[in-house]
1. Here are some residues: I294, I288. Which one is within 21 Å of S404 (Cβ to Cβ), under 35 Å from the mean Cα position of the chain (by Cα) and buried (at least 17 other Cβ atoms within 10 Å of the Cβ)?
2. If I go through segment 113-136 residue by residue, how many of them are open to solvent by less than 40 Å² (accessible area, probe 1.4 Å), touching a residue at least 60 places away in the same chain (Cβ under 8 Å) and in a helix (DSSP H, G or I)?
3. If you go through segment 325-334 one residue at a time, do you hit one that is in a loop (DSSP other than H, G, I, E, B) and aromatic (F, W, Y)?
4. Which strands (runs of 3 or more DSSP E) sit wholly inside segment 359-464 and have at least 1 residues that are in contact with a Pro (Cβ under 8 Å, 6 or more places away or on another chain), under 24 Å from Q480 (Cα atoms) and open to solvent by less than 40 Å² (accessible area, probe 1.4 Å)?
5. If I ask for residues that are open to solvent by less than 50 Å² (accessible area, probe 1.4 Å) and farther than 23 Å from F423 by Cβ, which ones from segment 331-355 would you list?
6. Residues of segment 233-255 being β-branched (V, I, T) and either in contact with a strand residue (DSSP E or B) (Cβ under 8 Å, 6 or more places away or on another chain) or open to solvent by less than 80 Å² (accessible area, probe 1.4 Å) (or both), which ones?
Amino acid sequence: MMLRRGFILFLPRLVGLLVVACCSVSIVYMLACTPKGDKQQLALPRVHSPTVKEGYEAILQEREEQHRNYIISLKKQIAQLKAELQGRGELLKNVQDQYADPLDIHLDHSNPEKAQTNLLAFLRSQIDKAEVHSGVKLSTEYAAVPFESFTLQKVYQLETGLTRHPEEKPVRKDKRDELTEVIELAVGSLNNPEGDSNAKRRVYTASDFIEGIYRTEKDKGTLYELTFKGDTKHQFKKIVLFRPFGPVMKVKNENVNMADTLINVIVPLAKRASKFRQFMQNFREMGIQQDGRIHLTVVYFGKEQMNEVKLILENTSKSANFKNFTFIQLNEDFSRGKGLDVGARFWKGNNVVLFFCDVDIYFTAEFLNSCRLNTQPGKKVFYPVLFSQYNPSIIYGRHDSIPSLEQQLIIKKETGFWRDFGFGMTCQYRSDFINIGGFDLDIKGWGGEDVHLYRKYLHSNLIVIRTPVRGLFHLWHEKQCLDELTPEQYKMCMQSKAMNEASHGQLGMLVFKQEIETHLHRQKLSSKKT
């Protein structure tokens, strides 16, 4: 009885505790599940609410509505972002189509088909960029790219230089192969026209080719227009072809350290002490003072003026504290090839860059770096095209108006020309010179030995770098062609002499000097009468 009475008294307390626990769990649940708004929070059901159950249903319904609105808002934002992303993608694609990245085309090996498609699209776009279908507005007449014309046998060219003729058979193999390929492709196109016509057609051959014109835009490609005979006298077939240039590809990226690369300048000499003094002034300023990584080898023929030349060397050595020079004396007639060969083989140090030079050459410190950068043992030799100075007395008129030497060395068509027929100034490593066999020592006197060496390099696997350089000049001097020269050497000497004097226009003024003076005299008399 006592236990039952105690249990009856404890039961209300237990129920009360359970109710309090349930309420606490409910409060914790509502706090955890209530969505966080900006400033809005859901209220707990009040005491005067209809019922606790209805309050909870209202809360859940309101929460569901908020979630639904939130999801709708997110979907709208995602749709807007997708639209914006698509627009940006199309814009980027248009930019890439207009300015295609060449590296992507070539270096994307992970997707060869895409790379090939991109490359073909790029090559086709070159046709649209080039002046093929329509003209391009140009600022001046000098901006026009001229055509050159050709037949089966000849090429007619504007940019002739000094070694090419206005009309010539293509000497370079790449030029011959280029035009032959174009003609063959055009003939094939004529014999295989588009369409499935069964009509009987004539068969075209290269003999039906009349003439063609072509020009190259360096950044786009080469345009060819070829004309063939038609079916009648006044009918013709015209084929237009275009060879597009591909995008630029990166081949190499390397650091080149030339701090310890020595150049041995070899100068063969006989007499000409005054010219050697001028040469040493240039050598001291550019080679010793500015560059500092240089050696001089003078190979002297005979004994006349030898002491004077040696004194110039000794004075330069003392004043500039320069000890890197070698003087070799040969008791025989002057031979440029022999002198250079002896000087190159006399060197006993490590492999060195050889610069074959003449006493009437002026070079800059920048050229010496070009000499180093364009040579590589077992791989590259350097044949710079120097700028040859015209006769200053003709260029500047009177002797008293001739400026200093440094002021004369300006690269203009009135002051000189690119000496592209000369191969005497060259840079190569000594090992390459020895391995190629050196100079032909049977050649005596002036000319010929440099061409033979140049041909040896061309016949080898070495890369020959042939380019005009702005820091190498041939100073004008009166040229004498001796009777001892062979007929071929004498002819070469006289041609070089004629080229050295002045430009075409300046020589014309000398030829018509009397006529010009007569005209000026008449003009002067006429002005006095009036």
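1. Values: I294 fails: within 21 Å of S404 (Cβ to Cβ).
Testing whether each residue is within 21 Å of S404 (Cβ to Cβ), under 35 Å from the mean Cα position of the chain (by Cα) and buried (at least 17 other Cβ atoms within 10 Å of the Cβ) leaves just I288.
2. The total comes to 2.
3. Here is the first cut: in segment 325-334, the residues in a loop (DSSP other than H, G, I, E, B) are 331-334.
The next check asks that each one be aromatic (F, W, Y); those that pass are 334.
Within segment 325-334, one or more residues are in a loop (DSSP other than H, G, I, E, B) and aromatic (F, W, Y).
4. Working: elements: 361-363, 380-389, 416-418, 426-429.
It comes to 380-389, 426-429.
5. Our first condition is that a residue be open to solvent by less than 50 Å² (accessible area, probe 1.4 Å); within segment 331-355, this holds for 335-337, 339-344, 347, 349, 352-355.
Scanning segment 331-355 gives a single hit, G349.
6. Step one: of segment 233-255, the residues β-branched (V, I, T) are 239-240, 248, 251.
If the condition is that a residue be β-branched (V, I, T) and either in contact with a strand residue (DSSP E or B) (Cβ under 8 Å, 6 or more places away or on another chain) or open to solvent by less than 80 Å² (accessible area, probe 1.4 Å) (or both), then I239, V240 are the ones that fit.
The values are calculated or read from the model by the stated rules, or taken from the named source; none is laboratory data. These figures come from a predicted structure and were not determined experimentally. All Cβ positions, glycine included, derive from the backbone under ideal geometry; neighbour counts span all protein chains shown. Ligands, DNA and RNA are stripped out before the accessible areas are found, and what is left, the full protein with its side chains, is counted by its heavy atoms. Shrake-Rupley method; radii C 1.70, N 1.55, O 1.52, S 1.80 Å.
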